[in-house]
Amino acid sequence: MRRSLPLLVLVGAVLAIAGCGSSSSPASSSAGARTAELSYFPSSSPVVLSLVTDPNAQSVKQGQALLGRFPIATFGQTLVMTELQRLGIDYQSDIRPLFGNPIMVGETGSTLSGGGQVYLMAWVTRDAGKLRALVKKIPGMHSAGSHGGATLYQNAGSMTLALDHATAVLGPSQAAVTSALDRHAHAGGISSADYDRDVSGLPQDALIQVFGSLSGVLSSPQATTARRVPWVAALRGYAAVISASGSGLTLQYRLDTSGGALTSSQVPITPGTTAPRFAGTLPITAAISDPAHVVAFAEAAAQAASPGSYASFLKRDAAVKAKTGVDLNSLLGLLTGNLILASDTHTTMVRATVSDPGAAARDLSKLLTAPRSVLGQASTTSGLGGGFYAIKQRRITITVGVAGDQLVVGKAGAAQLRAFAAAPTTPVAGAQGSVAFRVTLSNLLALALKRPPPQIVAQLLSSLGDVTGSTSASTKALTGNATLAIK
């Protein structure tokens, strides 16, 4: 590992400072370079990361604007520059002229488990001459022959670098690199069509993209049980992108489920773009539309994946019904409105709109006459009046009840739950889909920190705004986003 350190430092430096400064290189086809880089990775690669290096790209400029707000980032860049100088490499003349096309780093195996993972880096640079000159400056690198027209270099260990004109391919061994070269030569890698399908609907100019195929993961013996669930079997690939701006970071993602003909009931959350609503003032809030859909999906998935376990659940449900006269599913089926969770990590409350409050109250009352059958052997209950009950387990007491049209449960008192049930709902700005969340970091950190942090940490924390996000589903894909606001 120590023998590979100079080369690893150089690779890390390129990734860390890609886009610093400006470039006088003429524009070229990043799309063409991306197609070439993709071809070095197997079509079944479970993860490939692509990083924009074009200094003139809007995504890079926005990333620089965001980093400029944090002095610690400038300090980190200074450390990188210092290490490059120690290696005899000048960023301005040796590295910056190479920037323009994305750098890709990825896994060549079909799964992320086991000991056979091999990671590659592929980069179509802007200047073949500068690239070769840079390689000659890397301590410990020596010529190791050629393959398919590409010149090979190795360090004192086994790490291998191939140069094919302006293209660099780096891997942990000569075998890994020559396999990548052969894959590229015979058009056996990731195709543009595969890439376009994975990133469909996501910003194409994002600073960072991560994508991959799920075919290898799902074809493994360990996934046999999971594949019995239609939604899991329909998964083909995924993609996520990270974008930066002066106001924060945004993650957007997509799971491709076009590998099967799904129905709406086979999707884990209610399809569509209509967002749930929030309630309460606690720093952590999450909401789901139509939780009964989620329950039905979970039961169907359990039945498909593990019929034996599901049969045990039905047997237990029948025993509960025999004792209380209530079918658990009849109560869960009433949860057709919004389910809202609010928490500050000390107090946690959940409210769910029920279609028939009277039936929900009656079912709850009957179920809690046999708490151990429903909740386990260590459970006891006591009535609190007004349709509320305290459920005591070993180290925790949960309060549950029905208030208005809300079934409420939580680690809180009955008065708190009643107030939460009566709290007005508010729309979730920008949310798309039946799942949404918000974390007010400033309030949460104020509750979590027991003593004032160091000044530099306090400055960083004070700049953090809310984390917000949402998820939507269709029979073809699950998509979503999360944004960290910067004040």
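When the alpha-carbon atoms of segment 251-340 are used, the pair Rg, Dmax equals 16.3, 49 angstrom. Sequence-ordered 3J(HN,Hα) estimates for segment 137-143 from the Karplus curve with 6.51, -1.76 and 1.60 and θ = phi - 60° stand at 8, 6, x, x, 7, 9, 5 Hz, glycine and proline given as x. Every helix of 4 or more DSSP H residues in the chain counts as -39500 (n - 2.57), and over all residues that averages to -10000 deg cm²/dmol at 222 nm.
The smallest convex shape that holds all Cα atoms of segment 385-430, its convex hull, gives 91 Å³ per residue. Using alpha carbon centroids, what distance separates segment 403-440 and segment 286-343, in Å? About 20 Å separates the Cα centre of segment 403-440 from the one of segment 286-343.
Gain in length, residue 347 to residue 64, computed as 0.36 nm per residue apart minus the alpha-carbon separation, to one decimal in nm? Each step should come with its number before you reach the end.
Numbers: separation 283, 0.36 × 283 = 101.88 nm, distance 3.93 nm.
In short, 97.9 nm is gained.
Go through 180-192, 279-291, 447-459, 318-330 and give me the packing order, highest mean Cβ count within 10 Å leading. Let's see the in-between values first.
Details: 180-192: 17.6, 279-291: 20.5, 447-459: 10.0, 318-330: 15.2.
The packing order, highest mean first, is 279-291, 180-192, 318-330, 447-459.
Please report, to one decimal in angstroms, the Kirkwood hydrodynamic radius of the chain built from all distinct Cα-Cα pairs.
Values: mean 1/r = 0.0382 Å⁻¹.
About 26.1 Å, per the Kirkwood formula over Cα pairs.
By the equivalent-ellipsoid construction on the alpha carbon gyration tensor, segment 158-275 comes out with semi-axes of 32, 22, 12 Å, ordered largest to smallest. The alpha carbons of segment 339-487 stretch over 54, 46, 29 Å along the principal axes, in descending order. Each Lys or Arg adds one and each Asp or Glu takes one away; over the other residues whose Cβ falls under 15 Å from the Cβ of residue 63, this sums to 0. The calculated FRET efficiency for the pair residue 90 and residue 132, based on their C-beta separation and a Förster distance of 25 Å, comes to about 0.95. Among the listed pairs 61/136; 321/476; 366/411; 315/476; 315/366, those with a Cα-Cα distance over 26 Å are 61/136; 321/476; 315/476.
The translational diffusion coefficient of segment 312-358, from Stokes-Einstein at 37 °C and 0.692 mPa s with a Kirkwood hydrodynamic radius over alpha carbon pairs, comes to 260 µm²/s. Other residues whose C-beta falls under 11 angstrom from the C-beta of residue 354 contribute a net charge of -2, scoring Lys and Arg +1 and Asp and Glu -1. For residue 189, no residue has an amide H sitting under 5 Å from its own, ignoring neighbours fewer than 5 places away on the same chain, with H placed 1.01 Å from N. Computed from phi, the 3J(HN,Hα) profile of segment 468-479 under the Karplus parametrisation 6.51, -1.76, 1.60 (θ = phi - 60°) reads 10, x, 7, 9, 10, 9, 9, 6, 9, 6, 10, 10 Hz, with x in place of Gly and Pro.
Couplings 3J(HN,Hα) for segment 211-226, derived from phi with the Karplus relation 6.51 cos²θ - 1.76 cosθ + 1.60 (θ = phi - 60°), are 8, x, 8, 9, 5, x, 4, 7, 8, 6, x, 5, 9, 4, 5, 4 Hz, where x marks Gly and Pro.
FYI, it's all coordinate maths here, none of it is from the lab. These numbers were taken from a predicted model, which means no experiment stands behind them. Positions of Cβ are generated from backbone atoms using ideal geometry, with glycine treated the same way; all protein chains shown enter the neighbour counts.
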